[in-house]
Structures are given as C-alpha cells and as structure tokens.
1. List the pairs whose first member sits in segment 86-99 and is at pLDDT below 70, whose second member is in a helix (DSSP H, G or I), and whose Cβ atoms are under 8 Å apart, counting only residues at least 6 apart or on separate chains?
2. Within segment 127-165, count every residue that is within 20 Å of I187 (Cα to Cα), without any contact (Cβ under 8 Å) to a residue 12 or more places away in the chain and open to solvent by less than 90 Å² (accessible area, probe 1.4 Å).
3. Which residues, taken from segment 280-305, are free of Cβ contacts under 8 Å to residues at least 24 places away in the same chain and either at negative phi or in contact with a Phe, Trp or Tyr (Cβ under 7 Å, 6 or more places away or on another chain) (or both)?
4. For segment 260-290, name all the residues that are touching a strand residue (DSSP E or B) at 6+ places or on another chain (Cβ under 8 Å), over 15 Å from N329 (Cβ atoms) and surrounded by 20 or more Cβ atoms within 10 Å (Cβ to Cβ).
5. Does any residue in segment 41-62 that is over 12 Å from I103 (Cβ atoms) and without any contact (Cβ under 8 Å) to a residue 12 or more places away in the chain come within less than 7 Å, Cβ to Cβ, of a residue that is part of a loop (DSSP other than H, G, I, E, B) and open to solvent by 10 Å² or more (accessible area, probe 1.4 Å) six or more places away or on a different chain, and which pairs are these?
6. Scanning segment 345-380 for residues that are charged (D, E, K, R) and in contact with a helix residue (DSSP H, G or I) (Cβ under 9 Å, 6 or more places away or on another chain), which turns out least open to solvent (accessible area, probe 1.4 Å)?
Amino acid sequence: MADKLEKLEDFREDLITCGHCMGCNVFNWWTLDKWVDCCPSGKKFGFISYFAVGRVELGRALLEEEIEPQDIEVLKKIAYACPTCGACILQCKEFKEMDNIAIIEALRAKMVELGYGPMPEHTKFAQAVDTVNNPYGESHEKRFDWLPEGTNLDKDAEIGYFVGCTSAYREQELAKATVKLLNKANINFQLIGSDEYCCGSPLLRTGIRDKAIELAKHNVETIKKKGIKKVIFSCAGCYRTFKEDYPKIVGDLGFEVIHVTQFFEQMLKEGLLKLKKSINKIITYHDPCHMGRHIHLTKKKIGVFDAPRNLLKAIPGIELKEMVRIRENAWCCGAGGGVKAAFKDLALTTAIDRIEEALSTGAEILVSACPFCRRNLMDAINAKNASIDFKDIVELLEESID
C-alpha cells in the first residue's frame with residue numbers, strides 16, 4: 001500500500017556500509033566552529049545504541065534477521081526514543097549521503113509490520129485518529145470551536161488554511177492569531193472545514209503507515225474539491241507532511257504547499273503586510289526541525305530558515321539575538337517523532353537544554369513557528385520557572401499589524 005514511502009530494504013546499502021565513525025553525536029567544527037551536542041537521544045541516554053549509528057545497526061540486524069525475541073523490548077525503546085530531528089544527517093552528509101530521518105522512520109514501519117512496534121502510547125493516539133480524526137481523542141465536531149466570532153471567511157477563496165490538530169485542540173491561540181492576521185491583512189481565505197482530518201504526521205513518524213495513507217488521500221481530495229490552489233500551514237509538522245510525505249503517497253498534489261511564514265514574507269515584500277506597531281523586545285528564534293532540517297538536508301532543497309527571520313526583523317522595535325545552534329544546526333525542541341507521547345523525560349530535558357541556550361542570549365521572548373515546539377518549550381519554561389516568555393511568530397505579527 002505504501003510502496004512510494006521508503007522501506008527499510010531500500011536502505012540496505014547504507015545500513016551495511018555505515019562506518020560507525022560516531023560523527024553523528026556532535027555538530028561538527030566546519031559548520032559551527034566548535035563541537036556541541038547535536039543528538040538529544042544520545043545525550044540523554046549516553047549509550048552508542050541511542051545515537052544514529054545505533055539505530056542504523058538495529059536496522060541492519062533487523063534486515064539480517066539477527067534479532068532475538070527476548071531483545072525486542074529494549075530494541076523498541078532504542079528505535080523510538082528519538083525525536084527524528086535529523087541533526088545527525090548534517091554530520092554524515094560531509095562523508096556519505098544518508099537520510100537518517102527516512103531510515104529511522106522506515107525502521108519503525110518495519111517494526112510495526114513485524115509486530116514489534118509501536119510504543120503503547122503511539123497505539124493509543126493511532127486509535128484516537130482512527131475514531132475521531134485527531135491524536136488527542138477530542139471530538140471531531142469541536143475541531144473549530146476556537147474560531148473567533150466574526151472571522152471573515154471566503155468559501156470560494158483559492159487560499160486555504162490547514163489548521164492541524166495541535167493548534168485546533170491544544171495551542172488554540174496560534175490558530176486564532178493566524179486567522180486574525182489573515183483578516184487584518186485583508187487576505188481572502190477559507191478553512192478546510194469539517195473534512196479536515198489529522199495530517200497523519202504522528203502516525204508516519206512512528207511507523208503506522210496504513211492509516212496515514214488513508215488520511216493523506218482524504219485530505220488531498222478534500223482540498224481539491226474545495227478549489228483551493230494554495231494551502232498555508234502554521235504547524236511545521238503538517239507542513240512537512242504535506243510537502244515531503246504526501247507526494248510519495250498520492251503523487252502531484254495539485255496545489256501549492258507553503259508555511260505561514262513563507263506566505264507572510266511574500267505579503268511583506270508585496271506591501272500587503274504592514275507591520276507598524278512597535279514591539280520593543282529582545283527575542284531569539286528557535287528553528288522547528290520539520291520546516292528546517294526535514295526540508296533542507298539531503299533533499300537538495302532549502303529549509304524555511306530566512307522567512308521567519310525576515311519577518312521578525314521587519315517588526316519595529318524587535319532586536320533578534322541568535323542562539324549558537326540555529327538554522328540547519330538548531331537543537332531540537334524534543335517533542336517530535338512520537339517522543340512527547342512515549343518519552344516525556346527525554347522531551348522535557350531536551351527542551352530545557354534549548355531554554356537554557358535561549359536564556360544565554362539575554363532574550364526576553366523565545367519565538368518559534370510550530371505549535372508542537374510551542375507546547376514543549378513552554379513546558380520547559382514552566383519546569384525551570386525561567387524568566388523568558390514564549391510567542392509564536394504569528395502572534396507577534398498579529399500584534400504588530402494592529
């Protein structure tokens with residue numbers, strides 16, 4: 001069914017020829033001029049098996065049928081205790097083009113196929129998606145309860161806003177700010193509406209592919225029926241899934257896929273987005289993996305790095321101070337790849353590392369462009385009782401345009 005999504009067998013040569021050099025445990029000096037950690041899982045657990053090289057070896061052993069039944073539970077933890085941030089790819093590509101994100105996702109899909117995976121927490125959210133079309137188990141009928149009264153929607157607009165489950169049910173301030181910003185910028189748009197289902201990212205990242213394929217076909221068909229020519233996303237995970245995974249499942253989508261920061265950068269250049277209100281704050285920006293490295297590395301494409309920064313610099317009064325690990329070298333928030341659900345300690349300690357790095361810049365606000373990053377980084381801020389606020393970039397834009 002998922003014949004266009006990479007299978008573990010497709011990576012046999014990479015799995016066998018990996019040199020086990022352990023270069024995937026740090027950001028290399030030629031990209032950052034210093035050695036700093038790049039792998040959240042490896043840093044947390046310490047063993048070689050929790051770095052990319054360990055999962056590559058696990059994939060090889062799985063293909064070579066060297067796995068013993070008594071080892072499954074330990075190996076499952078190794079396979080899934082990874083946010084699939086892709087930082088390891090940056091190091092490996094200097095020597096060998098290995099797409100570790102695709103390898104780990106194919107490894108998980110193979111484990112699901114063999115009955116070894118996923119984690120119980122992933123099974124739970126997969127069941128929720130199957131019954132109510134979102135991983136949180138919330139009522140599908142309440143998917144748009146957050147919509148502000150008086151929002152101007154155009155059912156014939158060629159621009160569609162795909163809200164995503166996390167913004168619809170958990171980080172609703174982000175969804176509200178997005179539609180308010182679109183209205184204030186006089187952009188005609190429509191929502192996907194009652195037929196918007198989970199994009200399938202949580203399932204694809206954890207190897208649960210069959211249901212994700214159904215979701216992809218449903219969402220693409222729905223968008224086409226509505227006559228939408230351009231879909232914008234405020235969720236980095238939804239954006240990545242539509243841009244990278246959906247074409248492998250359904251072929252040509254028939255519409256443009258663009259992150260909201262790219263869209264508003266275009267509006268800024270065309271003079272349609274006028275940012276006038278000053279926000280006199282020192283801020284630092286966190287690059288979400290799904291709109292950065294997941295797009296940027298090994299695919300000969302460019303991740304969404306410049307658009308958010310160009311927008312932030314256009315806001316009067318903003319002073320942007322960068323962290324050490326940024327752009328393709330950014331430290332992960334820790335929430336992706338099913339980690340937030342199944343390995344809460346790993347997710348939180350990874351996010352705390354990022355908060356400490358943000359604090360070192362002297363910033364008053366940590367800004368990002370993903371509801372999942374928002375949730376996990378805010379959890380870390382609260383856990384540390386840190387003296388820094390968090391805002392999504394859309395919230396700052398909506399405040400400034402006012």
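The values are calculated or read from the model by the stated rules, or taken from the named source; none is laboratory data. What you are looking at is a predicted structure, and each value in this text was computed from that prediction instead of being measured. We place every Cβ from the backbone using ideal geometry, glycine too, and count neighbours over all the protein chains shown. Ligands, DNA and RNA are excluded from the accessible area calculation, which covers all protein heavy atoms including side chains. Shrake-Rupley method; radii C 1.70, N 1.55, O 1.52, S 1.80 Å.
1. So the pair list comes out as E94/G23; E94/W30; F95/G23.
2. 1
3. Listed by number, the residues that qualify are K301, I302, F305.
4. Residues satisfying the conditions are V260, F263, I283.
5. A61/I67
6. R354
Yes/no matrix, rows are residues, columns are (1) more than 24 Å from R240 (Cα to Cα); (2) modelled with pLDDT of 95 or more; (3) not in a helix (DSSP H, G or I):
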| site | (1), (2), (3) |
| --- | --- |
| E65 | yes, no, yes |
| I72 | yes, no, no |
| V112 | no, yes, no |
| V129 | no, yes, no |
